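Taking it in order: structure first as structure tokens, then the write-up.
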Amino acid sequence: MMRATMPLIAALLALTSAGAPAAGGNDTAVKKAEEIVRKSFVEVTPDEWNARLQQDQTQAACSYYRNEPPPDIAVRIVSEAQASIRYPADGKLLGNWKEGAKLAAISTGGHIGKLQPDPPGREHGGNCYACHALAPQEVAAGNLGPNLTNYIKLRGNSPGTVKSVYDKIYNAHAQYPCSLMPRFGHNGWLTPEQVADLVAFLLDAESPVNKGQ
Amino acid sequence: MTTSNARAPARRLAAFAAAAFLCGAAAVLGQDDRATQEIQKYRQMLEEGNPADLTEARGEELWKTPRGPKHATLERCDLGLGPGQLEGAYAKLPRYFADTDKVQDVESRLVTCMMALQGYSYADAIKNWYSTESDIELLVTYIAAQSKGAKIDVPATQPREAELAAAGEALFFRRSGPLDFSCATCHSHAGRRVRLQEVADFLLPEDARAAMIKWPAYRVSQGEVWTMERRLIDCIRQMRWPEPQYQSEALIALQVFLQKQASGGVMDAPGMKR
């Protein structure tokens, strides 16, 4: 773990000392935007507010710096993200690819409000196809994120890769500060076991993801 | 406009795209182009018979019918160009109005008129605003159609407008909720899709124009005409945020920012969308 972590932090610190410009947001505008948020979401319960509108430090920093944090902030985000990662109780990071395949396609869950809420308890998925090409049979794949078809060809599937992919899905900021990808594990959207199932979908040799032409 | 760091994710995506290319994804890029072309063809076909044309006609009738406690029409409504001046008015909204001392979008300004001219209460004026049968949807569609051919012109130079444009831009980048989404997560990258749906890059004027000139629009997936506020509220729902209040300042601020980005686009509403 330390072997993977240290070079990244060292690289980020090197950027700091090189004096990379830290372009920030507009303080007045951000302050006004926060005032507006407080006034505009009036029928929200305290629980909904805390879970969905209150920003944590990472969200606030990534918003302020428009996903390009200066090196010192980037180091903090990466360290916190790495510290946040939890693993399945049985220690298996490569789960069941068939379960992972289902989760990758599920786009529902977690919509609230009066207009089109999800029924309570509706299953959450990773909705991976929204942004990534995965199994080649699924043609309706988005391209906001990288194409992951034949992922083993790109990354191999050594234990180091398995852990790296688990960490990425659990908390993407552990590897890329202000990544656009949701922190599926950290935010409690998926369980550690579900994250491991998605890892298997990407890195199990039997998974359709790795059967592309 | 936006600072250069606003574009950082685009650069990062370019790097990702390069990596994807290296792992042998060239064939998939070709497939992307074909999918996009097919969708565009489908959309063109649909647009030849837009059900929103009926919405527009019903809106016109409503506009000219004496209604409400004061039994008056809306024909003297001032949407920013003077009482009764409808042509091109939508294209210049949102804007600051001295009489209400507020920056208003078409929907909040329309409600001001319904209250002042027709005597409706706020609650009655916005009744069922989210419904396809709402007065607001019919009227807004009619109003927007009177801007067909007009250029979107929201420079947001008036101080209150400028303040909201900047706040709207900050809101556009504001990440929160269980999926860490902001508008910018999907809407600040050129040439990208969510599933098969192209997503506009609102930092690019040409994308912003192409999107904004079409609203209000008939949504094929919903079987309804939606106003811009209805559209924004649904984006926010998909981000897993709570619903903002209808006509709240967050929705006005976002629209000032988006219309500013889209300025110069030639209005072509009501449009037809997925």
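The values are calculated or read from the model by the stated rules, or taken from the named source; none is laboratory data. Every value quoted in this text rests on a predicted model; they were computed, and no experiment measured them. Here the Cβ is made from the backbone with ideal geometry for all residues, glycine too, and neighbour counts use every protein chain on show. Side chains are part of the model used for accessible areas, which takes the heavy atoms of the whole protein and leaves out ligands, DNA and RNA. Shrake-Rupley method; radii C 1.70, N 1.55, O 1.52, S 1.80 Å.
Residue under question is A:Gly212, and the condition is that it be over 19 Å from A:His124 (Cβ atoms), among the small types (Gly, Ala, Ser) and at the interface with another protein chain (Cβ under 9 Å from one of its Cβ atoms); does it hold? In short, yes. Applying the condition of being at the interface with another protein chain (Cβ under 7 Å from one of its Cβ atoms) and of a type in the set (A, V, I, L, M) to region B:144-183 and asking which residue is most open to solvent (accessible area, probe 1.4 Å) yields B:Ala166. The single condition among (1) in a loop (DSSP other than H, G, I, E, B); (2) closer than 20 Å to A:Arg52 by Cβ; (3) in contact (Cβ under 8 Å) with a residue 40 or more places away in the chain that A:His173 does not meet is (1). The residues on offer are B:Leu171, B:Leu138, and the sole one that is farther than 17 Å from B:Ile236 by Cα, assigned to a helix (DSSP H, G or I) and among the aliphatic types (A, V, I, L, M) is B:Leu138.
Taking B:Glu133, is it without any contact (Cβ under 8 Å) to a residue 40 or more places away in the chain and out of contact with any Leu (no Cβ under 8 Å at 6 or more places or on another chain)? Quick ask: steps written out before the conclusion?
Values: without any contact (Cβ under 8 Å) to a residue 40 or more places away in the chain: yes; out of contact with any Leu (no Cβ under 8 Å at 6 or more places or on another chain): yes.
It is true that B:Glu133 is without any contact (Cβ under 8 Å) to a residue 40 or more places away in the chain and out of contact with any Leu (no Cβ under 8 Å at 6 or more places or on another chain).
When the residues of region B:192-207 are filtered to those that are out of contact with any Asp or Glu (no Cβ under 8 Å at 6 or more places or on another chain) and either more than 11 Å from chain A (Cβ to nearest Cβ) or assigned to a loop (DSSP other than H, G, I, E, B) (or both), the one that is modelled with the lowest pLDDT is B:Leu196.
Each row is one residue, and each column tells you yes or no for (1) among the hydroxyl-bearing types (Ser, Thr, Tyr); (2) loosely packed, with under 14 Cβ neighbours inside 10 Å; (3) not assigned by TED's automatic domain parsing to the domain that holds A:Gly113.
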position: A:Asp27; (1), (2), (3): no, yes, yes
position: A:Ile36; (1), (2), (3): no, no, yes
position: A:Lys39; (1), (2), (3): no, yes, yes
position: A:Thr45; (1), (2), (3): yes, yes, yes
position: A:Gln57; (1), (2), (3): no, yes, yes
position: A:Tyr65; (1), (2), (3): yes, no, yes
position: A:Ala74; (1), (2), (3): no, no, yes
position: A:Ile77; (1), (2), (3): no, no, yes
position: A:Ala89; (1), (2), (3): no, yes, yes
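Does any residue of region B:61-77 turn out to be closer than 24 Å to B:Leu232 by Cα and in contact (Cβ under 8 Å) with a residue 12 or more places away in the chain? So far as region B:61-77 goes, no, none of its residues is closer than 24 Å to B:Leu232 by Cα and in contact (Cβ under 8 Å) with a residue 12 or more places away in the chain.
When you scan region A:38-53, how many residues do you find that are farther than 14 Å from B:Ile236 by Cα, in a helix (DSSP H, G or I) and among the polar types (S, T, N, Q)? So the count comes out to 1.
Would you say A:Asn210 is over 28 Å from B:Ser182 (Cβ atoms) and crowded, with 20+ Cβ neighbours inside 10 Å?
Spelling it out, A:Asn210 is indeed over 28 Å from B:Ser182 (Cβ atoms) and crowded, with 20+ Cβ neighbours inside 10 Å.
Scanning region A:40-62 for residues that are out of contact with any Gly (no Cβ under 8 Å at 6 or more places or on another chain), among the aliphatic types (A, V, I, L, M) and closer than 17 Å to B:Phe181 by Cβ turns up A:Val44, A:Ala60, A:Ala61. State yes or no: is A:Ala105 away from every other protein chain (no Cβ under 14 Å), surrounded by fewer than 20 Cβ atoms within 10 Å (Cβ to Cβ) and either more than 26 Å from B:Arg174 (Cα to Cα) or touching a Leu at 6+ places or on another chain (Cβ under 8 Å) (or both)? The answer is no for A:Ala105.
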